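Notes for the one structure printed next.
The values are calculated or read from the model by the stated rules, or taken from the named source; none is laboratory data. Computed from a predicted model, the values in this text were never measured in an experiment. Cβ: placed from backbone, ideal geometry, glycine included. Neighbour counts: every protein chain shown. Please note that ligands, DNA and RNA were not included when accessible areas were found on the heavy atoms of the full protein model with its side chains. Shrake-Rupley method; radii C 1.70, N 1.55, O 1.52, S 1.80 Å.
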Amino acid sequence: IIPKLEYKYHRWEGALEVPMNYYYYSFGHHISNESDWLASPSIRLRWNMIPSLILTVRGSMRSKECDIRSLYNGFILTDYRTLQQGMDEYSIGKGQSLNGTLMYRNPSNGLFGNVMMMRSWNENKFMSNSLFVGDYIIRSYTRSPNKSDVWTLMGSLGSNVGFLHGMAGINVFLQRSNSTMLSEGEHTNYANQTLNTTARLNGRIGKVLN
């Protein structure tokens, strides 16, 4: 179910969406049967600044359904030295995100570009835990409310290349995440950063080669 409300006024556009999902789980072990109505409201504002430039801002809140693949008794050997212990409690997570996108299109001059920045936050009741026992690594979930956040920046720029009858451009993706895990029973903060840059060129040489 996705109730939606839209509004337009001159160069402004707005939309409110409230997707709702119903989940029912019937478990065969000691965890009781569970049912949930999960709503993920979001609001979007768009400003058509000029015909070739559009600014969009979007905010959302979401509830993440339980990962039922993690609900089991005992351990699973995932490789020759790692044991994964299952969870024994039904749990859902929460998250929020805020992003802004600026898009530029100028077909007459063959120039296109966009940039998007997003910040997201997540809340979970369980934290992953790693424990070394002899030659083995035991990974499990420990009940410990925790938060994580992610910064994402991505953009692209492209331009027509007349003599090739094609386009050249560049894509950039930058992401940094901050989170917490348990290692040997100790809370450990860690960050992960990713940067990808890709250049592209396509076109046609003559009537045969592409």
Q) Does at least one position in region 22-41 carry a residue that is at pLDDT 90 or above and either part of a loop (DSSP other than H, G, I, E, B) or open to solvent by 80 Å² or more (accessible area, probe 1.4 Å) (or both)? A) yes
Q. Is at least one residue of region 144-154 free of Cβ contacts under 8 Å to residues at least 40 places away in the same chain and at positive phi?
A. no
Q. Can you pull out the residues in region 124-155 that are at pLDDT 90 or above and either open to solvent by 30 Å² or more (accessible area, probe 1.4 Å) or not polar (S, T, N, Q) (or both)?
A. 149, 150, 151, 153, 154, 155
Q) Before we move on, is residue 97 under 30 Å from residue 36 (Cβ atoms), open to solvent by less than 80 Å² (accessible area, probe 1.4 Å), free of Cβ contacts under 8 Å to residues at least 40 places away in the same chain and not in a strand (DSSP E or B)? A) no
Q.
Taking the criterion of being open to solvent by less than 50 Å² (accessible area, probe 1.4 Å) and part of a strand (DSSP E or B), would at least one residue in region 2-9 satisfy it?
A. no
Q. Which of the residues that make up region 169-191 are at pLDDT 90 or above and either open to solvent by less than 50 Å² (accessible area, probe 1.4 Å) or not aliphatic (A, V, I, L, M) (or both)?
A. 169, 171, 173, 175, 176, 177, 178
**Q.** Within region 68-77, considering residues that are touching a residue at least 12 places away in the same chain (Cβ under 8 Å) and not in a strand (DSSP E or B), the one least open to solvent (accessible area, probe 1.4 Å)
**A.** 70
